[in-house]
1. Please list, short to long, the whole-number percent of alpha-carbon pairs of the range 71-129 in consecutive 5 angstrom bins beginning at zero.
2. Whenever you get a sec, compute what percent of the accessible area on the range 124-270 sits on carbon and sulfur atoms (1.4 Å probe).
3. Given 20 °C and 1.002 mPa s, how large is the Stokes-Einstein diffusion coefficient of the range 53-185 in µm²/s, with Rh as the Kirkwood radius over Cα pairs?
4. Report the equivalent ellipsoid semi-axes for the range 141-207 in whole Å, largest first, defined as the square roots of five times the eigenvalues of the gyration tensor built from alpha carbon atoms.
5. Taking the range 184-270, how much of its Cα-Cα pair set, in percent, is spaced more than 23 angstrom apart?
6. Solvent-accessible area per residue for the range 120-270 at a 1.4 Å probe radius, Å²?
7. List every DSSP H helix in the chain whose Cα atoms extend 24 Å or more along the helix's own long axis and whose mean Kyte-Doolittle hydropathy is at least 0.0.
8. Please report, in whole Å³, the volume per residue of the convex hull around the C-alpha atoms of the chain.
Amino acid sequence: MLTESCRSLLGLTLAAIMVGCAAAPISLPPPPVHANGQVLWHIVSEHCIPDQRDRGNPAPCAKVSVADGIQAGYVVLKDRVGKSQYLVMPTIMITGIEDPQLLTPGAPDYFTPAWSARKFVAKRLGTALAREDVSIAINSLYGRTQDLLHLHVDCLRTDVRDALRLAAPTIGHHWVRHALILNGYHYRAVRVDGDDAVAANPFRLLSKGLHVRQSDMGAWTLVLAGMDYPDGPPGFVLLAARANPAAGYKGSGEDLQDHACTGRDAPARY
């Protein structure tokens with residue numbers, strides 16, 4: 001017969017086990033094989049980079065930047081999907097969000113060039129875009145088809161923009177405890193400083209801030225959205241979500257973007 005102290009200890013043990021189970025990541029199926037996953041890399045390595053080097057013309061890319069060396073370079077390419085969507089990609093092979101190179105000391109910053117690429121989006125649309133209308137998305141292993149890191153730069157969905165405006169006062173420099181429901185899925189959020197440059201490494205914020213192991217990085221998606229905070233200078237909201245294919249969610253933050261760029265208000269700046 002258990003004493004009261006034993007029953008209390010057992011209860012605490014069971015509670016700890018239940019908390020541990022609740023916090024354990026949802027198991028995932030093996031990563032999909034992307035049959036044509038090298039298409040973007042072929043475009044970058046066999047066309048954009050050689051054309052810029054040999055002819056001074058980055059076509060079919062809109063821009064090739066290797067001023068700091070090929071190891072830190074990037075390209076900007078118009079995506080086939082959408083009126084104004086652009087992709088920002090490295091000039092070396094980095095497979096995606098799961099690639100350990102993104103977390104090495106001194107790793108290149110791809111988010112600031114992606115934020116700068118909003119000028120290509122605006123030019124395509126023929127109008128300036130408000131800061132809060134612009135977003136950058138990286139899909140998970142389960143939510144992408146290409147095995148070269150590519151940052152989607154395009155308009156943010158207006159419903160997501162409005163939801164982030166409402167949530168902005170509650171988003172600080174530490175990941176919010178309660179997830180935001182966006183497009184029917186749970187996203188964690190954190191405030192990131194910066195105007196024209198992204199002041200923190202979003203990959204490191206995900207890895208360190210949410211204690212994501214390297215082996216699990218590929219299951220995550222990131223979305224960076226511009227934000228005019230009411231209590232300070234302009235910055236960004238970084239959103240993160242983990243794929244759950246069994247529940248129909250492949251970890252595609254790109255779903256928060258609007259590749260038709262509809263319903264834009266008259267902007268103040270871009």
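The values are calculated or read from the model by the stated rules, or taken from the named source; none is laboratory data. On a predicted model such as this, the values are computed, not experimentally measured, just so you know. Protein only, heavy atoms only, side chains kept; ligands, DNA and RNA dropped before computing areas. Shrake-Rupley method; radii C 1.70, N 1.55, O 1.52, S 1.80 Å.
1. In whole percents, the pair-distance histogram is 4, 18, 25, 22, 15, 10, 6, 1.
2. Details: 3190 of 6190 Å².
Its accessible area is 52 percent carbon and sulfur atoms.
3. Details: Rh = 16.5 Å.
Approximately 130 µm²/s, per Stokes-Einstein.
4. Details: eigenvalues 86, 58, 39 Å².
Equivalent ellipsoid of the range 141-207: 21, 17, 14 Å, largest first.
5. On the way: 1186 of 3741 pairs.
So the portion of pairs separated by more than 23 Å is 32 percent.
6. Values: 6400 Å² over 151 residues.
Result: 42 Å² of accessible area for each residue.
7. On the way: long enough: 4-23 (28 Å, 1.35).
Helices meeting the span and hydropathy rule in the chain are 4-23.
8. Numbers: hull volume 41.8 nm³, N = 270.
For the chain, the hull spanned by Cα atoms encloses 155 Å³ per residue.
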